[in-house]
1. Of all residues in region 159-175, how many are aliphatic (A, V, I, L, M) and either touching a His at 6+ places or on another chain (Cβ under 7 Å) or open to solvent by less than 60 Å² (accessible area, probe 1.4 Å) (or both)?
2. Within region 61-81, how many residues turn out to be in a helix (DSSP H, G or I) and open to solvent by 90 Å² or more (accessible area, probe 1.4 Å)?
3. Would you check which residues across region 12-27 are under 11 Å from Gly153 (Cα atoms) and of a type in the set (A, V, I, L, M, F, W, C) and list them?
4. Confirm whether Thr124 is within 19 Å of Gln20 (Cα to Cα), without any contact (Cβ under 8 Å) to a residue 24 or more places away in the chain and either among the β-branched types (Val, Ile, Thr) or open to solvent by 70 Å² or more (accessible area, probe 1.4 Å) (or both).
5. In region 11-63, how many are within 17 Å of Thr142 (Cβ to Cβ) and among the hydroxyl-bearing types (Ser, Thr, Tyr)?
6. Go through region 176-199 and give me each residue that's closer than 17 Å to Ile5 by Cα, in a helix (DSSP H, G or I) and open to solvent by 40 Å² or more (accessible area, probe 1.4 Å).
7. So, Val118, is that one in a helix (DSSP H, G or I), aliphatic (A, V, I, L, M) and modelled with pLDDT of 90 or more or not?
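The values are calculated or read from the model by the stated rules, or taken from the named source; none is laboratory data. Every value quoted in this text rests on a predicted model; they were computed, and no experiment measured them. We place every Cβ from the backbone using ideal geometry, glycine too, and count neighbours over all the protein chains shown. We work out accessible area using only protein heavy atoms, side chains counted, and drop any ligands, DNA or RNA first. Shrake-Rupley method; radii C 1.70, N 1.55, O 1.52, S 1.80 Å.
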Amino acid sequence: MEYVIIFISAIFVNNILLSQFLGICPFLGVSSKKSTAIGMSGAVCFVITLATVVTFLLNNYVLAPLKLEFLQTISFILVIAALVQSVEIILKKIAPSLYQALGIFLPLITTNCAVLGVALTVVTKQFDFSGTMQSLNLLEATVYAFATSLGYGLAMIIFSSLREHLALANVPKAFKGIPIALITAGILALAFMGFSGLV
């Protein structure tokens, strides 16, 4: 049951884009077309999940035993950058078509604060299971990271669909472009607030 709570909470209740406001730059910059939003969502989903697993293991088996928790942020940034570079090199060799399809999305993920935010949240997050606060184990951390990245993708795809419709709408000149996108993002965030009592 804990995994279902983590899953629903990460996707809907505490959506990383619409509740925690992490990863806003790609949210606004890459969401003008649904195809690019889907590509970015897939790449972010893969990198967030993989980076969270690696940083969780690094924190619990290297930094914490050596009392080096103060190096979390810098070491996590280095791990994320190395993972993105490794994924980029591997995709270029193994699946050139997928590498071409992702294009600029992979390097953009290195600077996406959502990836670092999830990695840092996982090592500090505690859930209230049956009245006791517990830290996440590796499986719970992986489920949380995957669900968070799915929530990121869901918000990106919904927002890109709305922006495609807005491009065809008769929007006043002063609101064209980013202003109407920000208003739409605010309304979408309000819609996701409706899930707040779910878990």
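1. At the first step, the residues of region 159-175 found to be aliphatic (A, V, I, L, M) are 162, 166-169, 171, 174.
Those still in the list that are either touching a His at 6+ places or on another chain (Cβ under 7 Å) or open to solvent by less than 60 Å² (accessible area, probe 1.4 Å) (or both) too: 166, 169, 171.
Number satisfying all stated conditions: 3.
2. Taking region 61-81 first, the residues in a helix (DSSP H, G or I) are 61-63, 69-81.
Subsequent filtering for residues that are open to solvent by 90 Å² or more (accessible area, probe 1.4 Å) retains 61, 70, 74, 78.
Within region 61-81, residues that are in a helix (DSSP H, G or I) and open to solvent by 90 Å² or more (accessible area, probe 1.4 Å) number 4.
3. If the condition is that a residue be under 11 Å from Gly153 (Cα atoms) and of a type in the set (A, V, I, L, M, F, W, C), then Ile16, Leu17, Phe27 are the ones that fit.
4. Numbers: within 19 Å of Gln20 (Cα to Cα): yes; without any contact (Cβ under 8 Å) to a residue 24 or more places away in the chain: yes; either among the β-branched types (Val, Ile, Thr) or open to solvent by 70 Å² or more (accessible area, probe 1.4 Å) (or both): yes.
The answer is yes for Thr124.
5. So the answer is 4.
6. Met193
7. Numbers: in a helix (DSSP H, G or I): yes; aliphatic (A, V, I, L, M): yes; modelled with pLDDT of 90 or more: yes.
Spelling it out, Val118 is indeed in a helix (DSSP H, G or I), aliphatic (A, V, I, L, M) and modelled with pLDDT of 90 or more.
The rows are residues; the columns are (1) small (Gly, Ala, Ser); (2) within 14 Å of the chain's Cα centre (by Cα); (3) closer than 30 Å to Ala181 by Cα.
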| position | (1), (2), (3) |
| --- | --- |
| Leu18 | no, yes, yes |
| Ile24 | no, yes, yes |
| Leu68 | no, no, no |
| Lys92 | no, no, no |
| Leu98 | no, no, yes |
